[in-house]
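Only one structure is covered here, and it is reproduced in the block below.
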Amino acid sequence: MIPEQSSPAPTGGSNPLAPDWLAVPADVNALAPGVWPTGADRRDDGVVEIAGVAVTDLAASFGTPLYVVDEQMARDNAKRISGALNDAMTAIGSSATCYYAGKAFLSADVVRWMLDSGLGIDVCSGGELALALAAGAPPARIGFHGNNKSQTEIDRAVTSGVGTIVLDSLQEIDRVAAAAARHGVRQGVRLRINSGVHAQTHDFLATAHEDQKFGLALTAAESAVAEIRAHDSLDFIGLHCHIGSQIFDAGGFSESAHRLLAVHARLLEHGPVPSLNLGGGFGIAYTEADEPTAIETIAGRIAETVEARCVELGIPVPALAFEPGRSIIGGAGVTLYTVGTTKDVTVDVGVDHDLGVGPGAEGRTDGAAAAATSGEREDGTADGGTALRRYVSVDGGMSDNARPSLYGADYTVRIVDRASDAEPQLVRLAGKHCESGDIVVNADYLPADVRPGDLVAVPATGAYCFSLASNYNFLTRPAVVAVHDGRARVLVRGETEDQLLARDAGLDGR
(Lines give C-alpha, C1' and ligand atoms only; values in the text may rest on other atoms or scores of the structure.)
Protein backbone atom coordinates (compact mmCIF):
# COMPACT_ATOMS: atom_id res chain seq x y z
CA MET A 1 0.00 0.00 0.00
CA ILE A 2 1.41 3.40 -1.00
CA PRO A 3 0.47 6.15 1.47
CA GLU A 4 -1.42 9.22 0.37
CA GLN A 5 0.73 12.28 -0.13
CA SER A 6 -0.26 15.91 0.18
CA SER A 7 3.09 17.22 -1.03
CA PRO A 8 5.52 16.26 -3.79
CA ALA A 9 7.23 12.91 -3.26
CA PRO A 10 10.80 13.00 -1.98
CA THR A 11 13.31 12.07 -4.64
CA GLY A 12 14.62 9.03 -2.80
CA GLY A 13 11.32 7.17 -2.34
CA SER A 14 8.74 5.43 -4.47
CA ASN A 15 6.71 7.90 -6.50
CA PRO A 16 2.95 7.24 -6.81
CA LEU A 17 3.10 8.45 -10.41
CA ALA A 18 5.36 5.52 -11.30
CA PRO A 19 3.66 2.55 -12.97
CA ASP A 20 3.35 -0.55 -10.79
CA TRP A 21 6.01 -2.47 -12.70
CA LEU A 22 8.70 0.21 -12.19
CA ALA A 23 10.81 -0.19 -9.05
CA VAL A 24 13.08 2.44 -7.56
CA PRO A 25 16.58 1.30 -8.59
CA ALA A 26 19.06 0.40 -5.90
CA ASP A 27 21.72 1.91 -8.16
CA VAL A 28 20.50 4.55 -10.58
CA ASN A 29 23.75 4.20 -12.55
CA ALA A 30 23.39 0.45 -13.17
CA LEU A 31 22.89 -0.90 -16.67
CA ALA A 32 20.35 -3.71 -16.42
CA PRO A 33 21.59 -6.99 -17.93
CA GLY A 34 19.28 -8.23 -20.65
CA VAL A 35 18.16 -4.70 -21.49
CA TRP A 36 21.50 -3.12 -22.43
CA PRO A 37 23.80 -4.52 -25.11
CA THR A 38 26.17 -7.22 -23.92
CA GLY A 39 29.06 -4.94 -24.86
CA ALA A 40 27.89 -2.06 -22.63
CA ASP A 41 29.86 -1.28 -19.49
CA ARG A 42 30.33 1.74 -17.24
CA ARG A 43 33.97 2.71 -16.66
CA ASP A 44 35.39 3.84 -13.33
CA ASP A 45 35.03 7.47 -14.44
CA GLY A 46 31.29 6.93 -15.01
CA VAL A 47 31.39 6.99 -18.81
CA VAL A 48 29.62 4.11 -20.55
CA GLU A 49 31.41 2.19 -23.26
CA ILE A 50 29.75 -0.01 -25.85
CA ALA A 51 32.00 -2.62 -27.44
CA GLY A 52 34.97 -0.70 -26.12
CA VAL A 53 33.92 2.67 -27.56
CA ALA A 54 33.10 5.52 -25.17
CA VAL A 55 29.69 7.05 -25.77
CA THR A 56 31.22 10.48 -25.23
CA ASP A 57 33.54 9.85 -28.19
CA LEU A 58 30.60 8.71 -30.29
CA ALA A 59 28.62 11.84 -29.46
CA ALA A 60 31.63 14.06 -30.18
CA SER A 61 32.28 12.39 -33.54
CA PHE A 62 28.76 11.89 -34.84
CA GLY A 63 26.52 14.19 -32.77
CA THR A 64 23.22 13.35 -31.13
CA PRO A 65 20.68 11.90 -31.51
CA LEU A 66 22.67 8.87 -32.63
CA TYR A 67 21.74 5.23 -33.13
CA VAL A 68 24.49 2.88 -31.95
CA VAL A 69 24.54 -0.85 -32.74
CA ASP A 70 26.69 -3.44 -30.98
CA GLU A 71 27.77 -5.44 -34.03
CA GLN A 72 29.04 -8.49 -32.17
CA MET A 73 25.83 -8.79 -30.18
CA ALA A 74 23.73 -8.64 -33.36
CA ARG A 75 25.86 -11.31 -34.99
CA ASP A 76 25.79 -13.48 -31.87
CA ASN A 77 22.01 -13.11 -31.57
CA ALA A 78 21.53 -14.17 -35.18
CA LYS A 79 23.65 -17.28 -34.74
CA ARG A 80 22.13 -18.20 -31.38
CA ILE A 81 18.51 -17.78 -32.46
CA SER A 82 18.85 -19.53 -35.80
CA GLY A 83 20.97 -22.23 -34.17
CA ALA A 84 18.45 -22.84 -31.38
CA LEU A 85 15.58 -23.15 -33.83
CA ASN A 86 17.49 -25.45 -36.16
CA ASP A 87 18.76 -27.62 -33.30
CA ALA A 88 15.24 -28.04 -31.94
CA MET A 89 13.83 -29.00 -35.33
CA THR A 90 16.75 -31.30 -36.12
CA ALA A 91 15.96 -33.17 -32.91
CA ILE A 92 12.57 -34.11 -34.34
CA GLY A 93 13.93 -35.09 -37.75
CA SER A 94 13.39 -31.76 -39.46
CA SER A 95 15.29 -28.52 -39.98
CA ALA A 96 14.72 -24.79 -39.64
CA THR A 97 15.52 -21.97 -42.02
CA CYS A 98 15.69 -18.45 -40.61
CA TYR A 99 15.09 -15.25 -42.52
CA TYR A 100 16.10 -12.00 -40.85
CA ALA A 101 13.05 -9.70 -40.81
CA GLY A 102 14.56 -6.66 -42.49
CA LYS A 103 11.73 -4.36 -41.47
CA ALA A 104 13.23 -4.28 -37.96
CA PHE A 105 16.33 -2.50 -39.28
CA LEU A 106 17.98 -2.91 -42.64
CA SER A 107 21.29 -1.66 -43.93
CA ALA A 108 23.85 -3.13 -46.31
CA ASP A 109 26.13 -4.16 -43.46
CA VAL A 110 23.30 -5.74 -41.49
CA VAL A 111 22.35 -7.76 -44.57
CA ARG A 112 25.92 -9.05 -44.71
CA TRP A 113 26.00 -9.83 -40.97
CA MET A 114 22.88 -11.93 -41.36
CA LEU A 115 24.15 -13.75 -44.44
CA ASP A 116 27.44 -14.46 -42.66
CA SER A 117 25.42 -15.91 -39.78
CA GLY A 118 23.56 -18.28 -42.09
CA LEU A 119 20.23 -16.45 -42.32
CA GLY A 120 18.25 -15.41 -45.34
CA ILE A 121 16.67 -11.97 -45.69
CA ASP A 122 12.97 -11.21 -45.38
CA VAL A 123 11.84 -8.02 -47.16
CA CYS A 124 8.42 -6.42 -47.52
CA SER A 125 8.84 -3.66 -50.09
CA GLY A 126 10.61 -2.91 -53.33
CA GLY A 127 13.01 -0.64 -51.48
CA GLU A 128 13.99 -3.32 -48.98
CA LEU A 129 14.40 -5.78 -51.84
CA ALA A 130 16.61 -3.33 -53.74
CA LEU A 131 18.83 -2.82 -50.69
CA ALA A 132 19.14 -6.55 -49.99
CA LEU A 133 20.13 -7.24 -53.58
CA ALA A 134 22.54 -4.31 -53.71
CA ALA A 135 24.19 -5.57 -50.50
CA GLY A 136 24.88 -8.90 -52.16
CA ALA A 137 22.10 -11.11 -50.80
CA PRO A 138 21.66 -14.14 -53.07
CA PRO A 139 18.12 -13.79 -54.47
CA ALA A 140 17.33 -17.40 -53.61
CA ARG A 141 17.82 -16.55 -49.91
CA ILE A 142 15.30 -13.71 -49.98
CA GLY A 143 11.63 -13.95 -49.00
CA PHE A 144 9.30 -11.17 -50.16
CA HIS A 145 6.31 -10.14 -48.02
CA GLY A 146 3.67 -7.43 -48.35
CA ASN A 147 -0.10 -7.13 -48.44
CA ASN A 148 -0.18 -4.88 -51.50
CA LYS A 149 2.84 -5.54 -53.69
CA SER A 150 2.84 -3.38 -56.79
CA GLN A 151 3.21 -4.90 -60.24
CA THR A 152 6.64 -3.32 -60.45
CA GLU A 153 7.66 -4.94 -57.16
CA ILE A 154 6.35 -8.33 -58.26
CA ASP A 155 8.19 -8.12 -61.58
CA ARG A 156 11.42 -7.15 -59.83
CA ALA A 157 11.12 -10.04 -57.41
CA VAL A 158 10.38 -12.55 -60.16
CA THR A 159 13.10 -11.38 -62.53
CA SER A 160 15.75 -11.12 -59.83
CA GLY A 161 15.19 -14.73 -58.75
CA VAL A 162 13.73 -14.18 -55.27
CA GLY A 163 13.37 -17.56 -53.60
CA THR A 164 9.87 -17.15 -52.21
CA ILE A 165 7.09 -14.63 -52.55
CA VAL A 166 4.52 -14.71 -49.76
CA LEU A 167 1.09 -14.40 -51.33
CA ASP A 168 -1.17 -12.25 -49.19
CA SER A 169 -4.43 -12.25 -51.14
CA LEU A 170 -6.30 -14.10 -53.86
CA GLN A 171 -5.53 -11.35 -56.35
CA GLU A 172 -1.82 -11.82 -55.78
CA ILE A 173 -2.01 -15.44 -56.88
CA ASP A 174 -2.98 -14.36 -60.39
CA ARG A 175 -0.61 -11.37 -60.41
CA VAL A 176 2.46 -13.36 -59.43
CA ALA A 177 1.50 -16.26 -61.69
CA ALA A 178 1.12 -13.92 -64.66
CA ALA A 179 4.43 -12.18 -63.95
CA ALA A 180 6.26 -15.50 -63.60
CA ALA A 181 4.75 -16.81 -66.84
CA ARG A 182 5.58 -13.58 -68.65
CA HIS A 183 9.22 -13.85 -67.63
CA GLY A 184 9.49 -17.60 -68.12
CA VAL A 185 10.02 -18.32 -64.42
CA ARG A 186 8.59 -20.93 -62.05
CA GLN A 187 8.22 -18.85 -58.91
CA GLY A 188 8.31 -20.30 -55.41
CA VAL A 189 5.43 -19.00 -53.27
CA ARG A 190 4.03 -19.33 -49.76
CA LEU A 191 0.44 -18.55 -48.79
CA ARG A 192 -0.08 -16.33 -45.77
CA ILE A 193 -2.82 -17.68 -43.53
CA ASN A 194 -4.38 -16.24 -40.38
CA SER A 195 -4.42 -19.03 -37.86
CA GLY A 196 -6.81 -17.15 -35.56
CA VAL A 197 -4.22 -17.13 -32.76
CA HIS A 198 -4.11 -13.62 -31.36
CA ALA A 199 -0.78 -12.56 -29.85
CA GLN A 200 -1.39 -10.98 -26.44
CA THR A 201 0.37 -7.72 -27.17
CA HIS A 202 -0.80 -4.40 -28.58
CA ASP A 203 -3.69 -4.73 -31.04
CA PHE A 204 -1.58 -3.18 -33.80
CA LEU A 205 1.10 -5.86 -33.26
CA ALA A 206 -1.21 -8.87 -33.38
CA THR A 207 -1.43 -10.09 -36.96
CA ALA A 208 -3.14 -13.50 -37.04
CA HIS A 209 -6.73 -12.69 -36.13
CA GLU A 210 -9.14 -12.56 -39.05
CA ASP A 211 -10.22 -8.90 -38.92
CA GLN A 212 -7.03 -7.32 -40.26
CA LYS A 213 -5.27 -6.58 -43.51
CA PHE A 214 -2.83 -9.51 -43.74
CA GLY A 215 -3.42 -12.93 -45.22
CA LEU A 216 -6.40 -15.23 -45.75
CA ALA A 217 -8.63 -17.00 -43.27
CA LEU A 218 -7.67 -20.54 -42.33
CA THR A 219 -10.86 -21.82 -43.96
CA ALA A 220 -9.80 -20.34 -47.31
CA ALA A 221 -6.41 -22.04 -47.41
CA GLU A 222 -7.30 -25.22 -49.31
CA SER A 223 -9.15 -23.52 -52.15
CA ALA A 224 -6.43 -20.89 -52.46
CA VAL A 225 -3.70 -23.53 -52.63
CA ALA A 226 -5.68 -25.39 -55.28
CA GLU A 227 -5.69 -22.17 -57.28
CA ILE A 228 -1.93 -21.78 -56.80
CA ARG A 229 -1.32 -25.34 -57.96
CA ALA A 230 -3.40 -24.73 -61.06
CA HIS A 231 -0.70 -22.32 -62.31
CA ASP A 232 2.31 -23.98 -63.94
CA SER A 233 4.34 -20.85 -63.24
CA LEU A 234 3.96 -21.19 -59.46
CA ASP A 235 5.68 -23.62 -57.10
CA PHE A 236 3.82 -23.96 -53.81
CA ILE A 237 6.35 -24.08 -50.96
CA GLY A 238 3.98 -24.08 -48.00
CA LEU A 239 1.82 -22.09 -45.63
CA HIS A 240 2.95 -18.99 -43.77
CA CYS A 241 1.61 -17.42 -40.59
CA HIS A 242 2.75 -14.56 -38.36
CA ILE A 243 0.82 -14.19 -35.10
CA GLY A 244 2.25 -10.87 -33.94
CA SER A 245 5.24 -9.23 -32.31
CA GLN A 246 6.96 -8.88 -28.93
CA ILE A 247 5.80 -12.35 -27.86
CA PHE A 248 7.33 -13.68 -24.65
CA ASP A 249 6.47 -17.39 -24.71
CA ALA A 250 5.86 -20.37 -26.98
CA GLY A 251 2.12 -20.81 -26.43
CA GLY A 252 0.91 -18.82 -29.41
CA PHE A 253 3.45 -20.34 -31.78
CA SER A 254 2.55 -23.84 -30.65
CA GLU A 255 -1.18 -23.30 -31.00
CA SER A 256 -0.73 -21.70 -34.40
CA ALA A 257 1.42 -24.64 -35.56
CA HIS A 258 -1.20 -27.08 -34.22
CA ARG A 259 -3.92 -25.46 -36.32
CA LEU A 260 -1.84 -24.96 -39.45
CA LEU A 261 -0.61 -28.54 -39.50
CA ALA A 262 -4.17 -29.80 -39.81
CA VAL A 263 -4.51 -27.84 -43.04
CA HIS A 264 -0.97 -28.81 -44.05
CA ALA A 265 -1.98 -32.48 -43.73
CA ARG A 266 -5.00 -32.05 -45.99
CA LEU A 267 -2.90 -30.21 -48.55
CA LEU A 268 -0.47 -33.14 -48.65
CA GLU A 269 -3.27 -35.30 -50.06
CA HIS A 270 -3.07 -33.34 -53.31
CA GLY A 271 0.62 -32.55 -53.67
CA PRO A 272 3.87 -31.78 -51.88
CA VAL A 273 4.07 -29.19 -49.10
CA PRO A 274 7.79 -28.88 -48.35
CA SER A 275 7.72 -26.46 -45.44
CA LEU A 276 5.76 -24.49 -42.86
CA ASN A 277 6.72 -20.90 -41.99
CA LEU A 278 5.67 -19.83 -38.49
CA GLY A 279 6.91 -16.25 -38.86
CA GLY A 280 8.66 -14.32 -36.13
CA GLY A 281 7.74 -11.99 -33.30
CA PHE A 282 10.03 -13.23 -30.51
CA GLY A 283 10.11 -10.58 -27.80
CA ILE A 284 12.96 -8.78 -26.06
CA ALA A 285 13.36 -6.98 -22.74
CA TYR A 286 12.82 -3.23 -22.99
CA THR A 287 12.76 -2.82 -19.20
CA GLU A 288 13.81 -4.90 -16.20
CA ALA A 289 10.14 -5.87 -15.76
CA ASP A 290 10.13 -7.69 -19.11
CA GLU A 291 10.91 -11.42 -18.92
CA PRO A 292 10.93 -12.99 -22.38
CA THR A 293 11.37 -16.75 -22.48
CA ALA A 294 14.74 -17.93 -23.79
CA ILE A 295 14.68 -18.79 -27.49
CA GLU A 296 16.04 -22.26 -26.71
CA THR A 297 12.97 -22.96 -24.57
CA ILE A 298 10.58 -21.52 -27.15
CA ALA A 299 12.20 -23.55 -29.92
CA GLY A 300 11.98 -26.74 -27.89
CA ARG A 301 8.31 -26.26 -27.11
CA ILE A 302 7.45 -25.51 -30.73
CA ALA A 303 9.31 -28.64 -31.81
CA GLU A 304 7.44 -30.75 -29.26
CA THR A 305 4.10 -29.48 -30.56
CA VAL A 306 5.05 -29.98 -34.20
CA GLU A 307 6.30 -33.52 -33.61
CA ALA A 308 3.27 -34.57 -31.56
CA ARG A 309 0.82 -33.05 -34.04
CA CYS A 310 2.50 -34.70 -37.03
CA VAL A 311 2.37 -38.08 -35.28
CA GLU A 312 -1.31 -37.49 -34.52
CA LEU A 313 -2.01 -36.60 -38.15
CA GLY A 314 0.20 -39.37 -39.56
CA ILE A 315 2.31 -37.04 -41.68
CA PRO A 316 6.05 -36.38 -41.98
CA VAL A 317 7.44 -33.46 -40.03
CA PRO A 318 7.89 -30.60 -42.54
CA ALA A 319 10.85 -28.29 -42.71
CA LEU A 320 10.18 -25.20 -40.60
CA ALA A 321 10.95 -21.57 -41.35
CA PHE A 322 11.05 -18.55 -39.04
CA GLU A 323 11.52 -14.80 -39.42
CA PRO A 324 13.20 -13.26 -36.35
CA GLY A 325 14.01 -9.55 -36.51
CA ARG A 326 13.58 -7.62 -33.28
CA SER A 327 15.07 -10.47 -31.23
CA ILE A 328 18.26 -10.20 -33.28
CA ILE A 329 18.80 -6.48 -33.64
CA GLY A 330 16.57 -4.84 -31.01
CA GLY A 331 18.68 -5.37 -27.91
CA ALA A 332 21.89 -4.59 -29.78
CA GLY A 333 20.84 -0.98 -30.32
CA VAL A 334 21.12 2.12 -28.13
CA THR A 335 20.09 5.70 -28.91
CA LEU A 336 22.16 8.56 -27.53
CA TYR A 337 20.59 11.95 -26.75
CA THR A 338 21.71 15.21 -25.19
CA VAL A 339 19.55 16.72 -22.46
CA GLY A 340 18.32 20.21 -23.31
CA THR A 341 15.95 21.28 -20.54
CA THR A 342 14.37 19.87 -17.40
CA LYS A 343 11.09 20.83 -15.77
CA ASP A 344 9.43 19.74 -12.54
CA VAL A 345 5.66 19.32 -12.58
CA THR A 346 3.47 18.82 -9.52
CA VAL A 347 0.76 16.34 -10.45
CA ASP A 348 -2.54 15.45 -8.77
CA VAL A 349 -2.23 11.77 -8.04
CA GLY A 350 -5.21 9.69 -9.09
CA VAL A 351 -6.19 12.02 -11.95
CA ASP A 352 -6.03 10.43 -15.39
CA HIS A 353 -2.94 11.84 -17.11
CA ASP A 354 -3.38 9.85 -20.30
CA LEU A 355 -0.82 10.77 -22.95
CA GLY A 356 -3.04 9.51 -25.73
CA VAL A 357 -0.36 7.15 -27.00
CA GLY A 358 -2.43 4.06 -27.58
CA PRO A 359 -4.70 1.53 -25.91
CA GLY A 360 -1.97 0.08 -23.70
CA ALA A 361 1.71 -0.51 -23.28
CA GLU A 362 3.07 -3.02 -25.75
CA GLY A 363 3.56 -6.48 -24.34
CA ARG A 364 1.54 -5.85 -21.16
CA THR A 365 -1.81 -7.58 -20.67
CA ASP A 366 -2.79 -6.49 -17.16
CA GLY A 367 -3.63 -3.26 -15.39
CA ALA A 368 -0.03 -2.12 -15.69
CA ALA A 369 -0.76 -1.27 -19.32
CA ALA A 370 -3.03 1.59 -18.37
CA ALA A 371 -0.65 2.71 -15.66
CA ALA A 372 2.24 2.75 -18.08
CA THR A 373 0.30 4.97 -20.45
CA SER A 374 -1.40 7.29 -18.02
CA GLY A 375 0.98 7.47 -15.07
CA GLU A 376 -1.89 6.65 -12.70
CA ARG A 377 -1.44 3.77 -10.29
CA GLU A 378 -3.74 0.85 -10.99
CA ASP A 379 -4.87 0.45 -7.38
CA GLY A 380 -5.75 4.13 -6.96
CA THR A 381 -4.52 4.14 -3.35
CA ALA A 382 -2.79 7.50 -3.67
CA ASP A 383 -5.88 9.47 -4.73
CA GLY A 384 -6.02 12.98 -3.34
CA GLY A 385 -2.32 13.78 -3.00
CA THR A 386 0.26 15.30 -5.30
CA ALA A 387 3.60 14.07 -6.54
CA LEU A 388 6.50 15.36 -8.57
CA ARG A 389 7.31 14.34 -12.10
CA ARG A 390 10.42 15.69 -13.78
CA TYR A 391 10.32 16.19 -17.53
CA VAL A 392 13.72 15.74 -19.15
CA SER A 393 13.72 16.96 -22.75
CA VAL A 394 16.22 15.70 -25.29
CA ASP A 395 17.30 16.63 -28.80
CA GLY A 396 15.30 13.88 -30.52
CA GLY A 397 11.94 12.25 -29.93
CA MET A 398 9.16 10.68 -31.93
CA SER A 399 11.00 11.32 -35.19
CA ASP A 400 13.71 8.85 -34.18
CA ASN A 401 11.56 6.56 -31.97
CA ALA A 402 7.87 6.47 -32.85
CA ARG A 403 7.13 3.30 -30.87
CA PRO A 404 6.00 4.93 -27.61
CA SER A 405 3.53 7.09 -29.56
CA LEU A 406 2.36 4.21 -31.74
CA TYR A 407 2.17 1.39 -29.22
CA GLY A 408 2.61 2.85 -25.75
CA ALA A 409 5.97 1.07 -25.73
CA ASP A 410 8.07 1.33 -22.59
CA TYR A 411 11.81 2.01 -22.46
CA THR A 412 14.42 2.80 -19.85
CA VAL A 413 17.05 5.54 -19.73
CA ARG A 414 20.38 6.19 -18.04
CA ILE A 415 22.88 9.05 -17.88
CA VAL A 416 25.93 7.69 -19.70
CA ASP A 417 28.62 10.39 -19.61
CA ARG A 418 28.98 10.36 -15.81
CA ALA A 419 27.94 8.51 -12.69
CA SER A 420 25.96 10.18 -9.91
CA ASP A 421 25.36 9.56 -6.23
CA ALA A 422 22.20 11.69 -6.21
CA GLU A 423 18.90 10.16 -5.11
CA PRO A 424 16.64 8.61 -7.79
CA GLN A 425 14.04 10.96 -9.28
CA LEU A 426 11.07 9.82 -11.37
CA VAL A 427 11.42 11.31 -14.84
CA ARG A 428 9.63 11.32 -18.16
CA LEU A 429 12.01 11.60 -21.11
CA ALA A 430 10.38 13.91 -23.63
CA GLY A 431 11.27 14.75 -27.21
CA LYS A 432 11.46 18.17 -28.81
CA HIS A 433 8.55 17.81 -31.23
CA CYS A 434 5.40 19.89 -31.20
CA GLU A 435 3.25 17.07 -29.80
CA SER A 436 2.29 16.43 -26.19
CA GLY A 437 2.55 12.70 -26.91
CA ASP A 438 6.18 13.07 -27.98
CA ILE A 439 7.53 10.87 -25.19
CA VAL A 440 10.58 8.62 -25.52
CA VAL A 441 10.51 7.08 -22.03
CA ASN A 442 7.23 7.35 -20.17
CA ALA A 443 8.61 6.58 -16.71
CA ASP A 444 12.00 5.77 -15.27
CA TYR A 445 14.32 6.95 -12.53
CA LEU A 446 17.37 9.12 -13.15
CA PRO A 447 19.64 10.80 -10.62
CA ALA A 448 17.99 13.90 -9.17
CA ASP A 449 20.90 16.01 -10.44
CA VAL A 450 20.11 15.29 -14.10
CA ARG A 451 20.84 18.53 -15.93
CA PRO A 452 21.12 20.21 -19.34
CA GLY A 453 24.08 18.91 -21.30
CA ASP A 454 23.97 15.39 -19.85
CA LEU A 455 24.38 12.60 -22.35
CA VAL A 456 21.66 10.00 -21.87
CA ALA A 457 21.02 6.71 -23.60
CA VAL A 458 17.91 4.65 -24.25
CA PRO A 459 18.72 0.95 -24.78
CA ALA A 460 16.87 -1.69 -26.84
CA THR A 461 16.31 0.70 -29.76
CA GLY A 462 17.87 -1.42 -32.50
CA ALA A 463 14.52 -2.47 -33.98
CA TYR A 464 11.72 -0.32 -35.40
CA CYS A 465 13.34 2.98 -34.46
CA PHE A 466 15.47 3.89 -37.47
CA SER A 467 12.99 1.98 -39.64
CA LEU A 468 10.10 4.19 -38.48
CA ALA A 469 12.11 7.41 -38.35
CA SER A 470 10.69 10.55 -39.96
CA ASN A 471 11.47 14.19 -40.65
CA TYR A 472 8.61 15.47 -38.53
CA ASN A 473 9.11 19.16 -37.68
CA PHE A 474 11.86 19.05 -40.32
CA LEU A 475 14.30 17.24 -38.07
CA THR A 476 17.03 15.31 -39.84
CA ARG A 477 17.20 11.58 -39.28
CA PRO A 478 20.20 10.49 -37.18
CA ALA A 479 23.15 8.42 -38.33
CA VAL A 480 23.47 4.75 -37.43
CA VAL A 481 26.91 3.70 -36.18
CA ALA A 482 28.19 0.19 -35.49
CA VAL A 483 30.69 -0.41 -32.70
CA HIS A 484 32.97 -3.42 -32.62
CA ASP A 485 36.28 -4.19 -30.88
CA GLY A 486 36.86 -0.60 -29.81
CA ARG A 487 36.11 0.94 -33.19
CA ALA A 488 33.10 2.72 -34.68
CA ARG A 489 31.97 2.96 -38.27
CA VAL A 490 28.94 4.46 -39.96
CA LEU A 491 26.27 2.07 -41.20
CA VAL A 492 23.84 4.76 -42.37
CA ARG A 493 24.84 8.39 -42.80
CA GLY A 494 22.85 10.99 -40.92
CA GLU A 495 20.83 13.48 -42.91
CA THR A 496 21.64 17.16 -43.23
CA GLU A 497 19.31 20.13 -43.49
CA ASP A 498 20.72 20.84 -46.95
CA GLN A 499 19.55 17.39 -48.06
CA LEU A 500 16.07 18.10 -46.76
CA LEU A 501 15.99 21.49 -48.47
CA ALA A 502 17.15 19.95 -51.75
CA ARG A 503 13.92 17.94 -51.90
CA ASP A 504 11.76 21.06 -51.91
CA ALA A 505 11.09 22.00 -55.54
CA GLY A 506 10.03 25.48 -54.47
CA LEU A 507 13.65 26.24 -53.60
CA ASP A 508 15.03 25.32 -57.04
CA GLY A 509 17.21 28.07 -58.48
CA ARG A 510 17.47 30.04 -55.26
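The values are calculated or read from the model by the stated rules, or taken from the named source; none is laboratory data. Predicted model, so just to flag it, every value in this text is computed and none were measured. Quick reminder, even Gly has a Cβ in these numbers, built from the backbone with ideal geometry, and neighbours come from all protein chains shown. Note: accessible area is taken over every heavy atom of the protein model, side chains too, but ligands, DNA and RNA are not part of it. Shrake-Rupley method; radii C 1.70, N 1.55, O 1.52, S 1.80 Å.
Some values worked out for this structure:
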item	result
Amide hydrogen neighbours beyond the local backbone of residue 20, cut-off 5 Å, H modeled	378
Accessible surface of residue 435 - all protein chains present, 1.4 Å probe, nearest 10 Å²	90 Å²
Residue among 402, 86, 56 farthest towards the positive dipole end of the chain, charges placed on Cβ	86
Net charge, residue 150 excluded, C-beta distance under 12 Å - Lys, Arg +1, Asp, Glu -1	0
The chain - share of DSSP beta bridges that are antiparallel (%, nearest 5)	50 percent
Formal net charge of residues neighbouring residue 83 (Cβ-Cβ distance under 13 Å; K, R +1; D, E -1)	0
Proximal charge balance of residue 231 [Cβ under 15 Å; K/R count +1, D/E count -1]	0
Listed residues 484, 433 arranged by accessible area, highest first, probe 1.4 Å	484, 433
Net lengthening on full extension, residue 255/residue 76 (0.36 nm per residue, minus Cα-Cα)	61.6 nm
Surface share of carbon and sulfur [accessible, 1.4 angstrom probe, percent] for the chain	49 percent
Dimensionless Rg ratio for region 375-510, taking C-alpha atoms and the 2.2 N^0.38 Å reference	1.26
Charged-residue dipole, Cβ positions (Lys, Arg, Asp, Glu), region 419-510 about Cα centre, Debye nearest 20	320 debye
Sequence-distant lysines (8 or more away, or on other chains) whose Cα lies within less than 20 Å of residue 103	79, 149, 213
Region 445-510-region 14-33 distance, computed between alpha-carbon centres (Å)	27 Å
Ranked order, 493, 403 - accessible area, probe 1.4 Å, largest first	493, 403
Pairwise label distance in nanometres, residue 227 with residue 181, each label 7 Å out on the Cα-Cβ vector	1.4 nm
Amide H contacts under 5 Å for residue 409, placed H, 5+ residues apart	362
Cross-link partners of residue 432 among lysines (Cα-Cα below 16 Å; sequence separation of 8 or more within a chain)	343
Electrostatic dipole magnitude of the chain [Cβ: Lys, Arg +1; Asp, Glu -1; Cα centre; debye, to 20]	1600 debye
Sequence-distant residues sharing a close amide H with residue 142 (under 5 Å, placed H)	121, 163, 164
Accessible area of the chain divided out per residue, in Å², using a probe of 1.4 angstrom	39 Å²
Accessible heavy-atom area order of 98, 434, highest first, probe of 1.4 Å	434, 98
Overall Cα dimensions of the chain - principal axes, largest extent first, Å	73, 62, 43
